[in-house]
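Notes for the one structure printed next.
Derivation of every value follows stated rules applied to the coordinates shown; laboratory data play no part. Note that the coordinates shown come from a computational prediction; the quantities given were computed from them, not determined experimentally. For neighbour counting, all protein chains shown are included, and Cβ atoms are generated from backbone atoms with ideal geometry for every residue, glycine included.
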Amino acid sequence: MPHFIDVHHLQGATYGDVTKAHAADLEVQAKYGVNYVKYWFNESSGKVFCFCVAPDAEAAERVHREAHGLAAERIIEVDPDFADGILGGGTVSPTGEVYLDAPERCDPGQRTILFTDIVGSTAMTQRLGDAGAMAVLDVHDSIVRRALAATGGREVKHLGDGIMAAFVSAVNALHGAAAIQAALADHVARSAGEPVQIRIGVASGDPVERNGDFFGSTVQLAARLCAYAQPGQTLVSTSVTEACAGAGVAFAPIGEVPLKGFEQPVAAHVFLPGPA
């Protein structure tokens with residue numbers, strides 16, 4: 001059956017309110033062939049994101065209407081593997097809430113998306129051949145995956161010449177980016193092989209955005225920032241700089257830049273590793 005994520009705006013709601021609403025869903029859902037699996041609650045914004053398996057979106061919405069009357073503002077079908085790649089990694093409590101490392105630390109559902117891209121990968125393949133290019137890719141993959149493991153990142157998918165990853169914390173995403181760039185530079189310095197460089201792009205957002213897509217523009221923005229970045233550079237969105245305010249992270253704004261697929265130029269910032 002299809003999988004769906006919906007979004008509610010419940011400003012002023014408490015954890016108890018949301019837990020009670022989810023319990024009510026569970027009482028009603030069998031009537032409509034729906035399974036509300038889990039939910040994420042961002043108390044500061046009043047947003048609740050529910051994940052369910054249902055015959056269709058209308059059946060999922062009927063459960064909400066009958067159980068508690070809190071209709072979703074948006075409900076969209078999602079690829080379960082892609083959704084788990086971005087939103088997975090937490091623990092589901094007996095009441096259905098997703099939390100991080102302890103029940104009192106709730107997962108707000110927001111994610112920071114990071115893309116890596118090996119600079120000049122096509123030309124590199126022409127120079128080194130398939131076997132040589134694969135060896136370089138293996139180095140990249142190993143470095144990125146070690147950094148993700150060390151900084152709480154989660155690999156979403158491999159892109160052939162890069163990796164897409166998701167983080168709960170924007171600060172951790174930047175720690176991951178710094179670790180990747182530093183480890184690759186160290187590898188190049190110690191190796192007589194190909195002088196590999198990568199670009200990184202980072203953006204933050206909610207799982208269901210204003211355009212009704214599941215991480216649509218956040219993923220696109222992170223990917224476009226990655227493509228726009230200079231070799232060895234990490235470019236981030238304003239949403240990332242805002243999420244890192246007060247965290248001792250430094251950025252250099254480069255103004256608004258034209259990005260493919262975006263009608264208007266987008267403000268971009270270079271991440272500067274090290275103390276602010």
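The figures follow:
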read-out	value
For segment 111-272: relative contact order, % (alpha-carbon pairs under 8 angstrom, 6 or more apart)	23 percent
Distribution of pairwise C-alpha distances over the chain, 5 Å bins, in %	1, 6, 12, 16, 16, 14, 12, 9, 7, 4, 2, 1, 0, 0
Unit charges at the beta carbon, dipole of the chain: most positive-side option, VAL34, PHE82, HIS64	PHE82
Extreme residue, positive dipole direction of segment 111-272, given options LEU148, GLY261, GLY216 (C-beta unit charges)	LEU148
Å³ per residue enclosed by the Cα convex hull of segment 206-276	93 Å³
Per residue convex hull volume, Cα atoms of segment 3-99, in Å³	89 Å³
Segment 111-272, dipole about Cα centre (Lys/Arg Cβ +1, Asp/Glu Cβ -1), debye to the nearest 20	160 debye
Ellipsoid equivalent to segment 111-272 - semi-axes via the Cα gyration tensor, in Å	26, 17, 15
Extension gain (nm, one decimal) between PHE262 and ASN42, 0.36 nm per residue minus Cα-Cα	76.4 nm
Cut-off 19 Å (backbone N to label point 7 Å along Cα→Cβ of GLU66), residues of segment 28-52	28-38, 51-52
Relative exposure of VAL136, VAL63, judged by other C-beta atoms within 10 Å (fewest first)	VAL136, VAL63
